[in-house]
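Structure record follows, encoded as structure tokens.
The values are calculated or read from the model by the stated rules, or taken from the named source; none is laboratory data. Worth saying up front: this structure is predicted, and the values here are computed from it rather than measured. Here the Cβ positions follow ideal geometry from the backbone for every residue, glycine too, while neighbour counts run over all protein chains shown. SASA here: full protein model, heavy atoms, side chains in, ligands and nucleic acids out. Shrake-Rupley method; radii C 1.70, N 1.55, O 1.52, S 1.80 Å.
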Amino acid sequence: QEFSCCRPLVIEVGGKPQVVLPGSDAVFAHEPKTGKAIWRVNYPDGYSVVPRPVFAHGLVYVCSGFNKPTLYAIRPDGRGDVTETHVAWQTDKSAPHTPSVLVVGDELYMVSDGGIATCLDATTGDEHWRERLGGNYSASPIHAGGRVYFLSEKGESVVIEAGKQFKVVSRNDLGERALASYAVDGSALLIRTESNLYRIAN
């Protein structure tokens, strides 16, 4: 049986709310008050979607899940089946099965489950860089203080400068398995590993 696991996202388009719901074979948008369908984009054979949708630059960014993930950038102002008309761009190069994507300014960052990080132009999908971080990834990246933080399943954080050039600031290894995404408490990072909960702050 096919299924999906990500959280829905509420956005506002033309002054009206929409609930974006990635599912198996398609992503849907509904009116939250009535449940009425607004639009859909099909991605046949996509299922078990984990990455949460993201809304920026007037586009909804959705990953299609297993088996071959594809990232879609969708204009959410359509009606009905808009698969052929409202996909602004798409890519299946190193798209994630599990981590959500991250938009910072004009750039979109993502990391594949196999540890390949990519920075794209969020509006066009043009690639700025693609680099192997090492390790496998389930946690979603976050942005803070001009930097992007990635956390591998082996518990290594890789911190890069946000921008069109790939520059590693630091690598820090907790030495414990880590699947959960970072949490933020003010200026502190919270990291949940297999055995511990860490709070990291100045």
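Within the range 103-120, can you find the residues that are open to solvent by 30 Å² or more (accessible area, probe 1.4 Å) and of a type outside the set (A, V, I, L, M, F, W, C)?
Selection gives Gly105, Asp106, Asp113, Gly114.
Take the range 54-82 and flag every residue that is under 20 Å from Val10 (Cα atoms), in a loop (DSSP other than H, G, I, E, B), free of Cβ contacts under 8 Å to residues at least 60 places away in the same chain and not hydrophobic (A, V, I, L, M, F, W, C).
Gly58, Ser64, Arg75, Gly78, Arg79
Restricting the search to the range 106-119, which residues are farther than 26 Å from Gly175 by Cα and in contact with a Phe, Trp or Tyr (Cβ under 8 Å, 6 or more places away or on another chain)?
Leu108, Cys119
When residues of the range 149-183 are filtered for being farther than 13 Å from Ala139 by Cβ, under 21 Å from the mean Cα position of the chain (by Cα) and in contact (Cβ under 8 Å) with a residue 12 or more places away in the chain, how many remain?
Of the residues in that region, 8 qualify.
List the number of the failed condition for Ser64; all other conditions in (1) over 14 Å from the mean Cα position of the chain (by Cα); (2) closer than 30 Å to Asn136 by Cα hold.
(1)
Filter the range 176-195 down to the residues that are outside any strand (DSSP E or B) and either open to solvent by 60 Å² or more (accessible area, probe 1.4 Å) or touching a Pro at 6+ places or on another chain (Cβ under 7 Å) (or both) and list them by number.
Within the range 176-195, Arg177, Leu179, Gly186, Ser187, Glu194, Ser195 qualify.
Give the residues of the range 103-129 that are in a loop (DSSP other than H, G, I, E, B) and polar (S, T, N, Q), sorted by residue number.
Hits for the range 103-129 are Ser112, Thr123, Thr124.
Only one of Glu84, Glu131 is of a type outside the set (Phe, Trp, Tyr) and touching a strand residue (DSSP E or B) at 6+ places or on another chain (Cβ under 8 Å); which?
Among Glu84, Glu131, only Glu131 is of a type outside the set (Phe, Trp, Tyr) and touching a strand residue (DSSP E or B) at 6+ places or on another chain (Cβ under 8 Å).
Name the single residue, out of those in the range 128-137 being of a type outside the set (Asp, Glu) and either touching a residue at least 24 places away in the same chain (Cβ under 8 Å) or farther than 22 Å from Val50 by Cα (or both), that is surrounded by the fewest Cβ atoms within 10 Å (Cβ to Cβ).
Going through the range 128-137, the residues of a type outside the set (Asp, Glu) turn out to be 128-130, 132-137.
Checking the rest, the ones that are also either touching a residue at least 24 places away in the same chain (Cβ under 8 Å) or farther than 22 Å from Val50 by Cα (or both) come to 128-130, 133-134, 137.
Numbers: His128: 16, Trp129: 15, Arg130: 15, Leu133: 19, Gly134: 13, Tyr137: 28.
Out of the qualifying residues, it is Gly134.
All but one of (1) open to solvent by 40 Å² or more (accessible area, probe 1.4 Å); (2) at pLDDT 95 or above hold for Asn202, so report the exception by its number.
(2)
Hey, can you tell me all the residues within the range 1-31 that are open to solvent by 70 Å² or more (accessible area, probe 1.4 Å) and modelled with pLDDT of 95 or more?
Of everything in the range 1-31, those that are open to solvent by 70 Å² or more (accessible area, probe 1.4 Å) and modelled with pLDDT of 95 or more turn out to be Val10, Glu12, Gly14, Lys16.
Mind telling me which of the residues Ser100, Ser140, Ser94 ends up being modelled with pLDDT of 95 or more, outside any strand (DSSP E or B), crowded, with 19+ Cβ neighbours inside 10 Å and at positive phi?
Selected residue: Ser94, the only one of Ser100, Ser140, Ser94 that is modelled with pLDDT of 95 or more, outside any strand (DSSP E or B), crowded, with 19+ Cβ neighbours inside 10 Å and at positive phi.
Could you tell me which residue of the range 32-53 is least open to solvent (accessible area, probe 1.4 Å), considering only residues that are in a loop (DSSP other than H, G, I, E, B) and β-branched (Val, Ile, Thr)?
Val49
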